[in-house]
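Here's the structure we're looking at; comments come further down.
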Amino acid sequence: MGGLLQVKNAQQLEQEDIQAKEQAQEANERVEVIDNLAAHVRSCWSAAKTHRSRNRDRLTKCLRLRKGLYSPSKLKEIHEQGGSDIYMNITGTKCAAAKAWITDLYSGSGDRPFTISPTPKPDLDPNIQHELISTALNAVMQTGVPPEVAEQLLTKHEERIKDEVMQESEQRMEGMADYIGDILTEGGYRAEFDAFVDDLCTYPYAILKGPIYRKERKVSWAESQDGSFMPEMTDKITRKFKRVSPFNFYPSPTMSKIGDSWHIEHIQFTPAELATMRTSKGYSGKNITMALVDYRRGGLREWAFDTGEREHLEGKSSVFNGDYDMIDGLEFHGSIQGKQLVDWGIDYEIPDLYAEYSVIVTVIGGYTIRAAVNPDPTGKAMYYKATFRDVPGSFMGEALPEILEDTQNACNATARALINNMALGSGPQVAVDVSMVPAGQNVTSIRPHKLWLYASKQGQTKPGVSFFSPEIKANELLNVYERFERYADNLSGIPAYAYGSDNAAGAGKTASGLSMLMNAASKSIKGIVRNIDINVIEPLVANLYQSAMIDPDVPNDIKGDAQVIARGSDSLMHKEATAMRQIEFMNMTNNPTDMQIIGMKGRREMLEEASKTSEFPVGRVVPTLDDLIQSLSAQPQPEEGEQDAEQHA
C-alpha cells in the first residue's frame, strides 16, 4: 500500500528553498575555510621544504657515509681514472659501535632510565599542623609542661610526620614509575628508542615522537560457566611511540629547538587506514572521503616527495616508478588563531577567538582531515630531539659521519692507492722495442717458456724486450692508513679498543691501564647520554606523568607532587660498580653489631635495592615491610632472664 501524499503550499516550498540555499552556502563557506587551513599548512610546508632542501644533501650524505658508498660523482671520477674503488667503511664501524655503546647503557639489568622523586621537603597539611599545635597547647595547660619542652616535642613530632609523609610519597612515586614503565613497554618504546639511537649516530639530529593516542582492538578471554573461554573484543585507547625519520621532519626556518616555532611531519597512510578514520572522533569524514576519491582517480600520489636517492640507500624501490600506493599527508604542529578553528568546527571550546592556540592539523593534498588542540596541558609538542654533537643556536647538530668525513676520505684514498700499487707490483712490466720485433710476432701476452724473437740492430746491445717491477710502497701506505685510522678514534671519541680491538698501545696493554683508557673514552658518550636525558627522556616521562595525574582512571594511591629526573649518564655508566659496592656494603654490615644499628627493616631495604639491580623478582624474594613486621611480631620474644644472660655472655 503506498504512502500518503504530502501536500505543501507555496510558502512552505519557498521556506524550504531558502533553507536549502543557506545550507549550501554554509557548506561552501566551510569548505573554503578548510581549504584556507590546508593552504596555510601547505604554505608552511613549502617554506620548510625550501629551507630543508639546503640540508637535504647532508642527510643523504650521512646515510651514504654510514653505508660505505661513494657518491655518484665521486664513483664516476674513480672509474674514469681507473683502478680500485674499494671503500674502507670506518664510519659505519664507528656508528655501529656508538649505537651499541649507548643502547647498552640504557638496557641495563632492571634499570629504568628515569626516576620519579617526590617533593624534597613536603609541607605538612594545614590541618595536621593545627592539630599538632593544639596538642602541644593542651599539654602545656593540663600537665604543666614548660613551653620550651612542648616546643621541642612539637618539632620532634613534626619531623617524624614529615618522614612518614616522605616515605609514603616515595611509595606512591614508585608505583607511578611502574605505571609509566608499563606504558612505555606496551607502546613499543624500546624498539622505537633503538631506531632513534641509530638515527642519532647517523644524522645531524634524531626525533622521537610520543605518546601517540590510538584506538586498538584488543582480544580478551572470558571464562564461561562451563569452563571454556570465549573471546571478547574491546576497543582500547593505547599510547604508542614512534621514531620519526629525519627525512620526514620539516622544522620551521626559525626553529632552533622543538617548541620555538611550528614544524611539520611528512606522514603516510594506506587507503585502508584512511578509510577507517572517517568515523573517528575529531576527523572530517567528508574530507577523507574526498581525498580517497581523488586518490582512486589517480591523484594524491607523490605530491610530497622531493628525493629518490634516499629510497635507493634505504633499500626501497623508487617511488617514481608508478608503483607507489601510499597516500601522503602533512601533520602540522604549531599555533593557529582561534577564529579559524571555530570556523572549521573544531570540537573544543575557544574562549578567545583572536588568541593563538597550539594545534595539530593533518592535511592530505588540499583537504584538512583533522584539526585538534594539543592535548598536552602545557601546549608542548610531542616530539623530542637529540643530536650527537650540539651546535649552539642551530636545530641541526653535527653528525658522527660528518665528523669523520675527511678522515674517511683520506683512508679511502690511501686504501685505493695501496690496492693499485700492489696490483701494479704483483707482476712484471714489459718494455718492448717495436722496431726490433719481427713482423707477425705477438708481444701482447706472456706465458712460461715463451720465446721472444727480435732483430738486433748493428751496434745495439740492449735487448728488444726488457722486464721490470714497479716499486711497492705497501709499508708506507699502510703506515699512513693506520695513522688516519687512529686519528678517527680521536675525532669520534670511540677508540677501537672500546669495541674489542686488540690494537691498544701503551697503557692499554694492561688491565688497569685499559680500564683507565675506557673511563677516559667514556666521557664523550656521557655527553651524548646526558643530551638524551635532558632533551628526550625527562620531557617524555614528564608528559606521561602529567597525563597520568589528570587521568581519572589512574589510581589515586600512585599520584602526588613529584618531579621527573633522568637516571643520568654517571649513574648508568657505573651501574656495575654500584652493584659491587652494594654487595660489599651488605657483607660488611652482616654482623651482630651493625644489625643492632640498622635492624631488620634496614636490612630489608638493602636487600630490596640489591635485588632490583640483580634482576631478581623483588616481590617474591624480599617481603614487604608489613609482612616483615607481621613475621617479627609472630616470633616468640625471649624472656627477661634469657636477655640478661645473653647480655652477660
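The values are calculated or read from the model by the stated rules, or taken from the named source; none is laboratory data. For clarity, every value in this text was computed on a predicted model and none was experimentally measured. Heads up, the Cβs are rebuilt from the backbone with ideal geometry, glycines too, and the neighbour counts pull from every protein chain shown. Ligands, DNA and RNA are stripped out before the accessible areas are found, and what is left, the full protein with its side chains, is counted by its heavy atoms. Shrake-Rupley method; radii C 1.70, N 1.55, O 1.52, S 1.80 Å.
Tabulated data for the structure shown
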| read-out | value |
| --- | --- |
| Ranked packing of 593-602, 200-209, most packed first, by mean Cβ within 10 Å | 200-209, 593-602 |
| Among 548-561, 56-69, the order from most to least packed when residues are scored by Cβ within 10 Å on average | 56-69, 548-561 |
| Pairs beyond 27 Å (Cα-Cα), from Lys61/Lys215; Lys218/Lys281; Lys257/Lys526; Lys61/Lys473; Lys99/Lys385 | Lys61/Lys215; Lys61/Lys473 |
| Accessible area of segment 446-491 belonging to carbon and sulfur atoms, whole % at 1.4 Å probe | 55 percent |
| Charge tally in the Cβ shell below 12 Å around Leu424, where Lys, Arg are +1 and Asp, Glu are -1, Leu424 excluded | 0 |
| Cα gyration tensor shape of segment 371-468, rounded if a/c is under 1.5, else prolate or oblate by comparing a/b with b/c | prolate |
| Sequence ranges 182-195, 86-99, 427-440, ranked by mean other-Cβ count within 10 angstrom, highest first | 86-99, 182-195, 427-440 |
| Calculated FRET value between Ile550 and Val391, using beta carbons and R₀ = 60 Å, to 0.05 | 0.95 |
| Charge dipole (segment 167-212, unit charges on Cβ, about Cα centre) - positive-most of Tyr179, Tyr203, Gln167 | Tyr203 |
| Surrounding net charge for Ala634, when Lys and Arg each add one and Asp and Glu each subtract one, Cβ distance under 15 Å | -2 |
